[in-house]
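Let me begin by presenting the structure, written as structure tokens, before commenting on it.
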Amino acid sequence: MYTYGTTIADPTLAEMGKNLKEAMRMLENSPRRIEEESGKKPVPEDIPGPLQGSGQDMVSILQLVQNLMHGDEDEEPQSTRIQNIGEQGHMALLGHSLGAYISTLDKEKLRKLTTRILSDTTLWLCRIFRYENGCAYFHEKEREGLAKICRLAIHSRYEDFVVDGFNVLYNKKPIIYLSAAARPGLGPYLCNQLGLPFPCLCRVPCNTMFGSQHQMDVAFLEKLIKDDVERGRLPLLLVANAGTAAVGHTDKIGRLKELCEQYGIWLHVEGVNLATLALGYVSSSVLAATKCDSMTLTPGLWLGLPAVPAVTLYKHDDPALTLIAGLTSNKPADKLRALPLWLSLQYLGLDGIVGRIKHACQLSQRLQESLKKVDHIKILVEDELSSPVVVFRFFQELPTLDPAFKVAAVSNIAAAAVGRERHSCDALNRWLGEQLKQLVPQCGLTVMDLDIDGTCVRFSPLMTAEALGTRGEDVDQLITCIQSKLPVLTCTLQLREEFKKEVEGTAGLLYVDDPNWPGIGVVRYEHANDDNTSLQSDPEGEKIHTGLLKKLNELESDLTFKMGPEYKSMKSCIYIGMASDDVDVSELVETIAITAREIEENSRLLENMTEVVRKGIQEAQVQLQKANEERLLEEGVLRQIPVVGSVLNWFSPVQASQKGRSFNLTAGSLESTEYTYVYKVQGTGVTPPPTPSGTRSKQRLPGQKPFKRSLRSSDAVSETSSVSHIEDLEKVEQLPSGLEHDNLEAQCPEQPCRAADPVARQTEALQDEEDDHSQVEELERLR
């Protein structure tokens, strides 16, 4: 940390630095240390309380701020936690404290000090970024500088604007040209700040035939300018990009500058690639930005400095117009905006500034060179040698197609195939980006959706490296993670089409086309009462899919299954995740179909059984009541009297047969229990149907998990053994009866062949029948 010695004459400055140092130390420490010492968590301070009358000291207030900053740290993800800003960040924060203190000086001292701070910072930035003889406007919002530049351009081109106001704009409407690759919302922001209607914006498309698809089409821009001039409009300002917000591409600023000089248009440049102007080697496209009329820089993001304003450098000779436009101000508070940056630039020095930007560019080049050696990875900034942004995506070419099919890209079949491949790759790239963000958080990756290229992953170390501490080893780890995920991506993409065909060819299953799901696919089971026209939730289907999900997870396969609502509807379906190895898709689909059908049949069986049991109980009650009435008529009324009935039963017992009823769940009917009481054996009733198997009968190798294809060698061995076994059976069937009998005797020499003699078989059958009759007679005698 920086130190404060006795050379500081002003005691207030020394105390300010000391207090800032102590405050930052307290705020950056985690509250876990306090929890360990006290043994309890700090009391949350989210609920506002009354203002204390006696006041609090600085330590208590800072402790409250610390609790508010880190109170919910355990519930928040790691990426949202506050980063360590370092010593250069402390200098930037000190600038805000110094600004408040300097504003208390007398006017003369304040004017001299603010003028010195503003002139020093402007001179340093113009020299670092090669913008000679420029002026600087410091602003908190990044887009605020461009709005002030537009005001300056309006006052410069419309001389009577101060007097007549918007009447001069009505007669000759100003036009602001923006690239299609500009930051989202930039055009509406300018119109709202300037009070202009939206027709004053002109969106310039990017290249479609030649050059980068993220660069402004210069020829089309010239055509638009000529059309506006012919219609009596005034081309006012053009916003070019030195590093687009999405992929970091740079427009052809040299040609744009020539076109602007020809028609008197103000050229403004912005973008992350402007940071490379501080390096020794700069590409010609970025170097042309030094000749523009204005540019916006964000040194706070590039150098990892918190709470540092953005800067807009511009060239203009009329100080009165710049004052009217708001680019300059006589207020000391406006000039003090440059104080944090003034302190930070001095702390870093020229070598530190250039070193940080160079380090970020080296990280980008390191990743770009490594990605070129990785298969199935496409880089979108290959032509930019010094771009600090790398955008890449996973891709896999479609199978070899006929040349005529490739040419006819407008046909419905080709468009559908390309569309499916695009959606599949977008979902896989989104999954890849999220995985890489979790595995390598130091790289600060972002996942974004582009209109032309689809979902991509962006690495912009110039915006994140200083805050996250990104190093070259982190880039190497990122490459390793990408290579480890490629087999999963390629395998999943290859199995998607096969899974779709298997599901469409299986009765009872419906393939759900969900473009946002990165796995093998989504399937829904159509039960008997399923209404395909309805988009509402289906309770019966949800019950079946819940049981199906439980059964699939019990198989303990390498695939992941989850249940969720169908894409564009509320019906439940099963989502199959990524495949890390070769999966037997046919077995997977068959297992899903059989298991879902089994669950549906079991649920229907339970519903039917409930109704059958209810009816069976009612029928049994009726039959029992009828049996009681018959017994009353048979025994007489006297036997029902307690004392008399006992005497009669003693002298003349009633030989009543035991009559009962049993309910057969399989047949769903009442049966008599007479057979049970007579033969003392439980009746078998109707033989139940065989229970279907939930999984396909397939022999697996030891340790082989479900839905895995067998190795080729094991398949060959099993196939050979099955063929040889079938051949042996065919040979046995072709043998004569005598030879077959001899073979049986040869195989079992110790056991007598009783089944070979027909007479012996008949004698044995008769003996068994006599034994059964004797057993029945014995039971009758005992009864």
Note on the range 195-232: residues in a strand (DSSP E or B) and in contact (Cβ under 8 Å) with a residue 40 or more places away in the chain are Met216
Gly508 passes all but one of the listed conditions (1) open to solvent by 40 Å² or more (accessible area, probe 1.4 Å); (2) touching a residue at least 24 places away in the same chain (Cβ under 8 Å); the exception is number (1)
Counting only residues that are among the small types (Gly, Ala, Ser) and at pLDDT 90 or above, the range 160-180 contains a total of 2
Going through the range 176-207 in order, the residues found to be under 17 Å from Asn241 (Cβ atoms) and out of contact with any helix residue (DSSP H, G or I) (no Cβ under 8 Å at 6 or more places or on another chain) are Ser179, Ala180, Ala181, Ala182, Arg183, Pro184, Gly185, Cys206, Asn207
| query | in contact with a Pro (Cβ under 9 Å, 6 or more places away or on another chain) and either open to solvent by 30 Å² or more (accessible area, probe 1.4 Å) or assigned to a helix (DSSP H, G or I) (or both), is that true of Ala528? | reply | no
When the range 369-389 is checked residue by residue, the ones that are among the polar types (S, T, N, Q) and either modelled with pLDDT under 90 or open to solvent by less than 10 Å² (accessible area, probe 1.4 Å) (or both) are Ser386, Ser387
Among Ala338, Ala333, the single one that is modelled with pLDDT of 90 or more, part of a helix (DSSP H, G or I) and in contact with a helix residue (DSSP H, G or I) (Cβ under 9 Å, 6 or more places away or on another chain) is Ala338
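Conditions tested, residue by residue: (1) in a helix (DSSP H, G or I); (2) more than 15 Å from Phe499 (Cα to Cα).
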| position | (1), (2) |
| --- | --- |
| Leu548 | yes, yes |
| Leu552 | yes, yes |
| Asp558 | no, yes |
| Gly564 | no, yes |
| Ile574 | no, no |
| Asp581 | no, no |
| Ser586 | yes, no |
Flagged in the range 452-497 as among the polar types (S, T, N, Q) and open to solvent by 50 Å² or more (accessible area, probe 1.4 Å), in numbering order, are Gln477, Thr480, Gln483, Ser484, Gln494
Looking across the range 80-93 at residues that are assigned to a helix (DSSP H, G or I) and open to solvent by 20 Å² or more (accessible area, probe 1.4 Å), the single one that is modelled with the highest pLDDT is Leu93
If you go through Leu201, Leu267, Leu303, Leu237, the only one that is surrounded by 20 or more Cβ atoms within 10 Å (Cβ to Cβ) and either within 39 Å of the chain's Cα centre (by Cα) or within 19 Å of Val389 (Cα to Cα) (or both) is Leu303
From the option list Ala275, Ala289, single residue qualifying as without any contact (Cβ under 8 Å) to a residue 60 or more places away in the chain, surrounded by 21 or more Cβ atoms within 10 Å (Cβ to Cβ) and in a helix (DSSP H, G or I) is Ala289
Of the conditions (1) modelled with pLDDT of 85 or more; (2) farther than 22 Å from Phe707 by Cα, the single one that His527 does not satisfy is (1)
When every residue in the range 335-368 that is among the basic types (Lys, Arg) and under 17 Å from Ile128 (Cα atoms) is compared, the one surrounded by the most Cβ atoms within 10 Å (Cβ to Cβ) is Arg356
Taking the range 453-489 and keeping residues over 19 Å from Thr298 (Cα atoms), β-branched (Val, Ile, Thr) and assigned to a helix (DSSP H, G or I) leaves Val475, Ile479, Thr480, Ile482, Val488
Of the residues in the range 534-570 that are touching a His at 6+ places or on another chain (Cβ under 9 Å) and at pLDDT below 85, the one that is surrounded by the most Cβ atoms within 10 Å (Cβ to Cβ) is Gly541
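Listed here are the residues, each with its yes/no results for (1) among the polar types (S, T, N, Q); (2) open to solvent by less than 50 Å² (accessible area, probe 1.4 Å); (3) at pLDDT 95 or above.
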{"position": "Ala100", "(1), (2), (3)": "no, no, no"}
{"position": "Leu105", "(1), (2), (3)": "no, no, no"}
{"position": "Leu113", "(1), (2), (3)": "no, no, no"}
{"position": "Thr122", "(1), (2), (3)": "yes, yes, yes"}
{"position": "Leu125", "(1), (2), (3)": "no, yes, yes"}
{"position": "Glu132", "(1), (2), (3)": "no, no, no"}
{"position": "Glu140", "(1), (2), (3)": "no, no, no"}
{"position": "Tyr158", "(1), (2), (3)": "no, yes, no"}
Log entry, pairs with first residue in the range 491-503 being within 11 Å of Met578 (Cα to Cα) and in a helix (DSSP H, G or I), second being hydroxyl-bearing (Ser, Thr, Tyr) and open to solvent by less than 60 Å² (accessible area, probe 1.4 Å), beta carbons closer than 7 Å, six or more apart or on different chains, reads Leu493/Ser424; Arg496/Ser424
Scanning the range 511-525 residue by residue, those touching a helix residue (DSSP H, G or I) at 6+ places or on another chain (Cβ under 7 Å) and open to solvent by 50 Å² or more (accessible area, probe 1.4 Å) turn out to be Asn516
Reported set for the range 142-153 where residues are open to solvent by 20 Å² or more (accessible area, probe 1.4 Å) and in a helix (DSSP H, G or I) is Glu144, Lys148, Arg151
Checking Thr595, Thr591 in turn, the sole residue that is buried (at least 21 other Cβ atoms within 10 Å of the Cβ), out of contact with any helix residue (DSSP H, G or I) (no Cβ under 7 Å at 6 or more places or on another chain) and more than 25 Å from Leu428 (Cα to Cα) turns out to be Thr591
Of the residues in the range 292-302, those that are part of a loop (DSSP other than H, G, I, E, B) and out of contact with any Asp or Glu (no Cβ under 9 Å at 6 or more places or on another chain) number 2
Going through (1) farther than 20 Å from Pro706 by Cα; (2) modelled with pLDDT of 85 or more; (3) of a type outside the set (D, E, K, R) one by one, Gly519 fails only at (1)
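The values are calculated or read from the model by the stated rules, or taken from the named source; none is laboratory data. If you're wondering where the values come from, they're calculated on a predicted model, not measured in any experiment. Positions of Cβ are backbone-derived with ideal geometry, glycine not excepted, and every protein chain shown enters the neighbour counts. Calculation scope for accessible area: heavy atoms of the full protein, side chains included, ligands and nucleic acids excluded. Shrake-Rupley method; radii C 1.70, N 1.55, O 1.52, S 1.80 Å.
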